[in-house]
């Protein structure tokens with residue numbers, strides 16, 4: 001019975017460790033693993049020298065030097081794994097630039113063009129927000145982005161604007177093209193250009209956890225993330 005109890009405690013401990021590692025910064029995890037592996041190999045190499053096992057000491061010494069000095073163990077790189085895709089999505093349209101931090105849920109935005117160019121959306125008051133909606137009304141992508149920002153940062157804005165005679169921008173109007181579509185797709189997924197298909201899929205899965213409509217996220221941002229993945233994988 002005591003062995004069963006001990007086994008249950010070990011399983012609980014392993015489950016807790018896995019959960020803790022999944023919620024830690026990957027850079028910190030890989031940095032710690034680098035020192036554990038490199039330091040462990042160095043200690044074993046020193047012990048092998050004491051027992052006059054020169055062959056083992058040379059092999060493990062080389063492993064320790066490679067891990068500690070260069071962050072590599074053969075083809076495996078601690079640095080590349082630790083510097084994985086950021087957890088931030090970036091979306092741009094003709095008038096707006098948005099960034100969604102999936103760790104905190106914070107959605108920030110700034111105006112790129114028009115009378116409010118350079119302004120942070122958080123600095124706009126009611127009248128200025130109305131004016132911005134009116135100004136960008138011909139660019140449906142910018143309208144969708146602004147509505148996503150307002151839904152996140154100005155809860156109840158639709159009802160308030162409706163009660164106070166606010167006019168919404170019409171849907172289905174011409175879209176504005178902005179920048180390089182390949183670079184924009186990578187930015188949406190929080191990846192650097194040249195990322196592999198596996199990195200694209202992994203970033204997509206991670207980002208969708210925070211914006212999927214079934215979990216109360218933004219339908220528009222979820223669509224942009226899906227679109228970025230499909231675009232990059234289809235190239």
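The values are calculated or read from the model by the stated rules, or taken from the named source; none is laboratory data. What you are looking at is a predicted structure, and each value in this text was computed from that prediction instead of being measured. Note: ideal-geometry Cβ built from the backbone for every residue, glycine included; neighbour counts use all protein chains shown.
Going by the structure shown, is residue 166 touching a helix residue (DSSP H, G or I) at 6+ places or on another chain (Cβ under 9 Å) and at pLDDT 60 or above?
Spelling it out, it is not the case that residue 166 is touching a helix residue (DSSP H, G or I) at 6+ places or on another chain (Cβ under 9 Å) and at pLDDT 60 or above.
Could you tell me which numbered condition residue 1 fails, if it satisfies all but one of (1) at pLDDT 65 or above; (2) over 29 Å from residue 226 (Cα atoms); (3) loosely packed, with under 12 Cβ neighbours inside 10 Å?
Residue 1 satisfies all of (1) at pLDDT 65 or above; (2) over 29 Å from residue 226 (Cα atoms); (3) loosely packed, with under 12 Cβ neighbours inside 10 Å except (1).
Looking at region 212-235 only, could you name the residues that are in a helix (DSSP H, G or I), surrounded by 21 or more Cβ atoms within 10 Å (Cβ to Cβ) and either modelled with pLDDT under 65 or not assigned by TED's automatic domain parsing to the domain that holds residue 105 (or both)?
Matches in region 212-235: none.
Name the helices (runs of 4 or more DSSP H) wholly within region 4-83 that hold at least 2 residues that are more than 21 Å from the chain's Cα centre (by Cα), closer than 30 Å to residue 209 by Cα and modelled with pLDDT of 70 or more?
Correct list: 26-50.
What number of residues within region 105-130 are over 25 Å from residue 208 (Cβ atoms) and part of a loop (DSSP other than H, G, I, E, B)?
Residues meeting the conditions: 10.
To keep it simple, each residue is scored yes or no on (1) over 20 Å from the mean Cα position of the chain (by Cα); (2) at pLDDT 90 or above; (3) more than 23 Å from residue 180 (Cβ to Cβ); (4) not in a helix (DSSP H, G or I).
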| residue | (1), (2), (3), (4) |
| --- | --- |
| 100 | no, no, no, yes |
| 103 | no, no, yes, yes |
| 132 | yes, yes, yes, no |
| 148 | no, no, no, no |
